[in-house]
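Taken together, the values in this text are just the output of simple stated rules run on the coordinates, not laboratory data. Bear in mind that the values here come from a model prediction, so they are computed numbers and not experimental data. Note: ideal-geometry Cβ built from the backbone for every residue, glycine included; neighbour counts use all protein chains shown.
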Amino acid sequence: MEFQGFHLVDGKYQEIQPTTYGHLWSQQLKLYLGVYEGKLRFFTARNELILSSEQIAEQDSLRAQQAEQEITRLREVLRKQGIDLENI
């Protein structure tokens with residue numbers, strides 16, 4: 001996938017030159033735009049990929065699952081020590 005960007009200078013459009021990574025800087029967004037895994041994506045000024053909303057949701061779901069597993073593990077530890085969480 002290839003793409004081009006332009007910006008308006010003195011009433012004329014000028015092509016935005018890509019970085020060595022092939023990213024284009026958006027002055028309005030203060031972000032780079034580039035292709036990652038075949039999709040147009042945003043990158044920070046330090047060329048770090050900004051996660052998509054789907055990726056953020058996946059990470060949140062994984063963290064929630066890990067937290068639930070840790071709660072289950074800790075409850076089992078307390079149960080083995082004779083601590084009944086229902087009567088605290």
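Things worth noting here:
- Enumeration of residues in region 3-22 that are part of a strand (DSSP E or B), out of contact with any Asp or Glu (no Cβ under 9 Å at 6 or more places or on another chain) and of a type outside the set (D, E, K, R): Leu8, Val9, Tyr13, Gln14
- Candidates Arg46, Arg63 - the one that is surrounded by 10 or more Cβ atoms within 10 Å (Cβ to Cβ) and not hydrophobic (A, V, I, L, M, F, W, C): Arg63
- Filter result for Gly38 (surrounded by fewer than 10 Cβ atoms within 10 Å (Cβ to Cβ) and within 30 Å of Gln4 (Cα to Cα)): yes
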